[in-house]
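Report on the following structure.
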Amino acid sequence: MPAVLPDPNGRLCLVEKSADGSLHIEPHDWSTKAQASPHTGEVSASGAAYARYLAAPTTSSLWRFGEYDYDLTSRVLVMGVVNCTPDSFYDGSRYPSVREAVDAGRAMVDAGVDIVDIGGESTRPGAASVRFDEECHRVLPVVESLAPLGMPVSIDTRRPGVALQAIHAGAAIINDVGGFRDPEMVEVLAGGTAGAVIMHMRGDPATMQERPHYQWVVGEVGAFLADALDGLARAGVGGERCVVDPGIGFGKTLEHNIELIRGIPSLMFLGRPLLVGVSRKSFIGKILGLQAHERLEGSLAAACAAVLRGARLVRVHDVRETVRAMRVLERLL
């Protein structure tokens, strides 16, 4: 299904990827688009997309999965990053031993984190894939240790087998940087009640920063996320279980990342809560001329900018500082 999004000029457009991969952007007269056909009783794909657009102010703040039910109308969830890897881009988030990772997760809980996101494969630009058994070895003991602490644990993986084993170990959310393009990952999600984070990425980590190009990055990301939501719906996964992530830094230039953050109000019309991961990323370093370990203030500024535009989840390395910033921001919204 296509997406209905406001374009940079404020026109309401039908946005859809064509068969050749190009982006089709078509302004419409939407006065009758959500009406059913008088002959078949069916609503067209564009009409269904428009209906989702109309419902977005209500549905974009609700996230329900498993035993969890969040109303994010005036609440921002902080997702803390636990990288069980030796090679993630920010060395302050590398926890190569199980004990270090579990201790880091517990510290995040003490600092007020809402979700702990556990990953065993680096997705930094140019990162190589790790073996399936190695990824499982890294993450499963950490999931098992942190799941009983009372907040949802998320598994950050592109592998269906890892996701399934993590769910059995207690994970409540699948964070798939591949955007659920793998039918087996869709099957894993549909087979249970886990929540889903659907992220946009151009290519894969090894190639995603090789000359990324978009006609209109907000429209193309929106069309991808809309298509992913529709694919999950066809598999039986209710939209209320999903949040969407535009994939800041995943196959985007500095200007693409800035445009996406500025374009969050358009992406909210997908009708799902929006998560952003801006923490310590290279676009902040390019703006400030600083290395990853010096980007805390820039990360807080970018997270606040995203929330002011409508994001309701932030994925971060610096939990204590971000939680404090979000609690203040919530009172000001």
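The values are calculated or read from the model by the stated rules, or taken from the named source; none is laboratory data. All values reported here derive from a predicted model rather than from experimental measurement. Methodologically, a virtual Cβ is constructed for each residue, glycine included, from the backbone with ideal geometry; neighbour enumeration extends over all protein chains shown.
Annotations for the structure displayed:
- Whichever residue in the stretch 220-245 is touching a Ser or Thr at 6+ places or on another chain (Cβ under 8 Å) and more than 23 Å from Thr123 (Cα to Cα) and, among such residues, is surrounded by the most Cβ atoms within 10 Å (Cβ to Cβ): Arg241
- From the list Val314, Val328, the one residue that fits, being assigned to a strand (DSSP E or B) and either β-branched (Val, Ile, Thr) or farther than 28 Å from Tyr70 by Cα (or both), is Val314.
- So Ala169, is it of a type in the set (A, V, I, L, M, F, W, C), in contact with a Leu (Cβ under 7 Å, 6 or more places away or on another chain) and surrounded by fewer than 24 Cβ atoms within 10 Å (Cβ to Cβ): yes
- The stretch 189-219, subset buried (at least 23 other Cβ atoms within 10 Å of the Cβ) and β-branched (Val, Ile, Thr), residue nearest to His168 (Cα to Cα): Val197
- Residues of the stretch 242-256 that are on the phi < 0 side of the Ramachandran plot, part of a loop (DSSP other than H, G, I, E, B) and touching a residue at least 60 places away in the same chain (Cβ under 8 Å): Phe250 alone.
- Lone qualifier among Val153, Val139, Val109, Val98 - being touching a helix residue (DSSP H, G or I) at 6+ places or on another chain (Cβ under 6 Å), β-branched (Val, Ile, Thr) and over 24 Å from Trp63 (Cα atoms): Val98
- Some residue of the stretch 285-293 being small (Gly, Ala, Ser), touching a residue at least 12 places away in the same chain (Cβ under 8 Å) and touching a strand residue (DSSP E or B) at 6+ places or on another chain (Cβ under 6 Å): no
- Contact annotation: residue pairs with Cβ atoms under 6 Å, 6 or more positions apart or on different chains, pairing a residue in the stretch 185-213 that is under 22 Å from Val276 (Cβ atoms) with a partner that is of a type in the set (Val, Ile, Thr) and at pLDDT below 80, are Pro205/Thr123.
- Residue within the stretch 229-236 that is closer than 18 Å to Glu16 by Cβ and assigned to a loop (DSSP other than H, G, I, E, B) present: no
- Count of the stretch 268-320 residues which are under 30 Å from Ser46 (Cβ atoms) and either in contact with a Lys or Arg (Cβ under 9 Å, 6 or more places away or on another chain) or of a type in the set (Asp, Glu) (or both): 10
- Matching option when the condition is of a type in the set (A, V, I, L, M), surrounded by fewer than 21 Cβ atoms within 10 Å (Cβ to Cβ) and closer than 30 Å to Ala49 by Cα, among Leu275, Leu333: Leu333
- Test result for Tyr68, under 27 Å from Pro273 (Cβ atoms), modelled with pLDDT under 95 and not charged (D, E, K, R): no
- Within the stretch 120-152, tally of residues that are surrounded by 22 or more Cβ atoms within 10 Å (Cβ to Cβ), under 24 Å from Lys281 (Cα atoms) and in contact (Cβ under 8 Å) with a residue 40 or more places away in the chain: 4
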